[in-house]
Structure formats: structure tokens, C-alpha cells
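In what follows, a structure is listed as C-alpha cells, so that the remarks can point back to it.
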Amino acid sequence: MKKLTLLFLTILLSSCNDGDFDVPSFEFTSAVESCGEYVLYRKNSNSTEVLVLTLSPANLGTIEGDETVEISTTSSVVYRILEDGIDSDYFCQSIPPSTPKVVKELIADGGTINITTAEVITNEVITGYTYTITISDLLFFDADERILFESFDFGILTINL
């Protein structure tokens, strides 16, 4: 009886399948980088994973305070896993590069981008603006699985005048 129980447990434990679904780590080590003022991105340590935030020109203004923007066709969030690391001009090219190959891409299906604008003042003169960006209820779909981040700290972007 003990041998049958042991055999049953062995079969049961070895037949479990957790699937091939991988939850992205979303651990980006780089500071917020930009291509122009409206394509913002962060990379992981080996530059093979990126989170890209595309905003409309009205979203990064010069009025201090808070603004919320719903993720839509004009303001989007995309997560990409790339075959190899990318360099700083990857997103700034007019024609998207064919390498490195995009292994996986998730486009956010919902969420709210929260932007806090503050003036940068040097010697009593406004010399730029900082934008603290967080994303709440960031939702991605990966096949049949749902990935939700209740609150994600995208980072701080500083634009000097």
C-alpha cells in the first residue's frame, strides 16, 4: 500500500504543469529616457526589456500640478522583450530597425497615466520642468492571461529649457 501511495504521489507531482506563461518582472534599471518629448522609455539592466510610454503633446505641459491621462490610441504603454540589447537611438529612428528582433510585445489594454509637473528653478528663473510619472491599473493581456499592476512607478523625466 505504501508503494502504491508513493507511486501515485510521484505521478501526481510529476504531471503538474504550470504552463508556459511568464509574468514580466517589470524591473527597469535605467532612468527615464526619451526620444523627442513624447516617446519615453525605460530599459532593464541588459537592455533586452523595455517599457515604452507614448504621450500626446498636450500631456507634458508647463503648468504645475497633476494630470491624469487614460491609456488610449494617443497615449499608449507597450512592453517589449527583445532578442538582443538596444542602444539609445533605437526609438528615435524614423524607420523602425529590423534588429534586434522583438520576441514578445504586450500593448496595455487599460490604465491611467498620472503626471505631476513641477518647475525647475535656478537663480529664480524657470530652467525646465520635471514630470513624475506613475501608472495606475496598468493592464496587459497575454493570450488568455491578464497582467495587472495596480500602481507602477514609471519614473521622473526632466526637460531643461
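The values are calculated or read from the model by the stated rules, or taken from the named source; none is laboratory data. Note that the structure is predicted; figures quoted are calculated from it, not measured. Neighbour counts are summed over all protein chains in view; Cβ atoms, including those assigned to glycine, are modelled from backbone coordinates with ideal geometry.
Of the strands (runs of 3 or more DSSP E) lying entirely inside the stretch 1-60, those containing at least 3 residues that are under 19 Å from the mean Cα position of the chain (by Cα), at pLDDT 50 or above and not hydroxyl-bearing (Ser, Thr, Tyr) are 39-43, 49-54. Checked against (1) of a type outside the set (Val, Ile, Thr); (2) assigned to a strand (DSSP E or B); (3) closer than 19 Å to Phe28 by Cβ, Asp84 meets all criteria but (2).
Taken together, Val52, Val103, Val32 contain a single residue that is on the phi < 0 side of the Ramachandran plot and in contact (Cβ under 8 Å) with a residue 60 or more places away in the chain, which is Val32.
In this entry, Phe91 passes the filter for residues that are within 25 Å of Ser136 (Cβ to Cβ) and in a helix (DSSP H, G or I).
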